Amino acid sequence: MAFRRDLHRLRGIAIVCIVAGHSIIATDWSASPWQRHAVGFLFNNWTVVFVFIAGYLFHHLGTGEGYGRWIAKKTRTIAIPYALWSLPALLGSAVGVHAEPRFALALFGDAGPWRYLLYLLTGAHSIQMWFIPVVLALFALAPLWRWAARGRDRRLTLLLLACVGLALLFPRGGTSESLYLLRRLAHFSSCFVFGVWCAKHRDLLDRHRRSVLLGGLAIATAAIVVEAISPHQFASRGNPGNYALKMALCPVLILALDRPLPALVDRALGLLADLSFAIYFVHLYWIELVAGAWVMRVPLRFSGIPGWFWLSVGVLTCSAVVVLLLRRLAGRRSRILVGASPPRQPTAPTPAPQTDL
């Protein structure tokens, strides 16, 4: 597959929004709860976009490989860096310097020391790590996605509609439910299949570019307006409006980003995209330092939208610096050990490295 600058840039935007969404939990919103709700609605649940990108790339990169080889590659490039990045949280919890999430203790507290293994298998040791078991399960269902993608267009479309219906029937929900991983697998399968569908029908999207942009923006605007006037205070990650907003933005952004950008913006998004998978792992450690999850707490207070903005910028910058340093130390093995592709060689330009999500 030729390098797609639209997907690469979208990955950079997605990781920025994911970091910003998680920074909400370390910000004091007591003086302006409505601002927290608005920021949460806009910046939470960008995992939808990450899963969409995974589905899009699967159509181009995963449909032609043998199933065993495909799973082995994903285990090597996703599960290994996930386990390595999980070690600080797991060891910190074991020795009492890192607070175990309350939902994790509620689910697995009765398992004694074995709960740390259950944390690793389910991602319960940190609020963002559930994504890895879910995306690995989506990859394990590769035969189903291949069957739909290789058949008639109607087959893939019907599967997409069925998955969207399943997502609406089973909203993302919280992490306190005993079957939350299965619920999220059912929910996010629609995002994955939507990525596969858009990849297969990219020519159609390009031909009807104006209609897709207007339709997607109309859905996104309607979701924001309904949320603003709704008397119900929905959870910003689990309500149908948030899901509709992020799903509508996926085709809009891949079309909008397939255009020339200012060189500085393009380079920044490209760098963040290269580091996005590793930043996803490391950024919560910085947020937890501020939120007080570790014994060593950063004595800083961030309030309202200005505080949230600067916290997001600081977390993103610190995370990128850490990943860049570790990527340099890991060298050619950085993709497996760190989760970031090795640096490109400036003397021999090549297509952007294949990333995993």
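Quick notes on this structure:
- Residue within segment 167-176 that is under 20 Å from Phe58 (Cβ atoms), in contact (Cβ under 8 Å) with a residue 40 or more places away in the chain and under 23 Å from the mean Cα position of the chain (by Cα) present: yes
Conditions tested, residue by residue: (1) closer than 24 Å to Ala94 by Cα; (2) in contact with a Ser or Thr (Cβ under 7 Å, 6 or more places away or on another chain).
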residue	(1), (2)
Ile287	yes, yes
Trp294	yes, no
Val298	yes, no
Gly307	no, yes
Trp310	no, no
Val313	no, no
Cys318	no, no
Val321	no, no
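- Pairs where the first residue, in segment 40-57, is without any contact (Cβ under 8 Å) to a residue 60 or more places away in the chain and the second is part of a helix (DSSP H, G or I), C-beta under 6 Å, 6+ apart: Phe43/Cys17; Phe43/Ala20; Phe43/Gly21
- Check on Phe194, among the aromatic types (Phe, Trp, Tyr), modelled with pLDDT of 95 or more, in contact with a Gly (Cβ under 9 Å, 6 or more places away or on another chain) and crowded, with 17+ Cβ neighbours inside 10 Å: yes
- Members of segment 70-105 found to be within 20 Å of the chain's Cα centre (by Cα), surrounded by 13 or more Cβ atoms within 10 Å (Cβ to Cβ) and among the small types (Gly, Ala, Ser), listed by number: Ala79, Ser86, Ala89
- Those helices (runs of 4 or more DSSP H) lying entirely in segment 66-124 with at least 3 residues over 21 Å from Arg184 (Cβ atoms): 67-74, 80-95
- A Cβ distance below 7 Å, combined with a sequence gap of six or more or placement on separate chains, defines the contacts here; from segment 260-278, residues that are in contact (Cβ under 8 Å) with a residue 40 or more places away in the chain reach residues that are of a type in the set (Val, Ile, Thr) in the pairs Leu269/Ile13; Leu272/Ile15; Leu272/Val16; Leu275/Val323; Ser276/Ile15; Phe277/Thr355; Ala278/Val323; Ala278/Val338.
- Any hit, segment 83-98, residues being within 23 Å of Leu249 (Cβ to Cβ) and either at pLDDT below 85 or not aliphatic (A, V, I, L, M) (or both): no
- Residue check for Pro33: closer than 22 Å to Ile127 by Cα, buried (at least 16 other Cβ atoms within 10 Å of the Cβ) and modelled with pLDDT under 90: no
- Filter pass, Ser30 being part of a helix (DSSP H, G or I) and polar (S, T, N, Q): no
- Set side by side, the residues Ala94, Ala106, Ala89, Ala99 differ, and just one is farther than 21 Å from Leu289 by Cα and touching a residue at least 12 places away in the same chain (Cβ under 8 Å), which is Ala106.
- When the residues of segment 272-289 are filtered to those that are in contact with a Phe, Trp or Tyr (Cβ under 7 Å, 6 or more places away or on another chain) and under 17 Å from Ala26 (Cβ atoms), the one that is modelled with the lowest pLDDT is Glu288.
- Criterion: aromatic (Phe, Trp, Tyr), free of Cβ contacts under 8 Å to residues at least 24 places away in the same chain, part of a helix (DSSP H, G or I) and over 30 Å from Phe108 (Cβ atoms) - qualifying residue of Trp147, Trp197: Trp147
- Count of segment 106-141 residues which are crowded, with 19+ Cβ neighbours inside 10 Å and over 29 Å from Val95 (Cβ atoms): 3
- Considering residues of segment 150-191 that are β-branched (Val, Ile, Thr) and part of a helix (DSSP H, G or I) only, the residue surrounded by the fewest Cβ atoms within 10 Å (Cβ to Cβ): Thr157
The values are calculated or read from the model by the stated rules, or taken from the named source; none is laboratory data. Fair warning: this is a prediction, and the values are worked out from it, not measured in the lab. Positions of Cβ are generated from backbone atoms using ideal geometry, with glycine treated the same way; all protein chains shown enter the neighbour counts.
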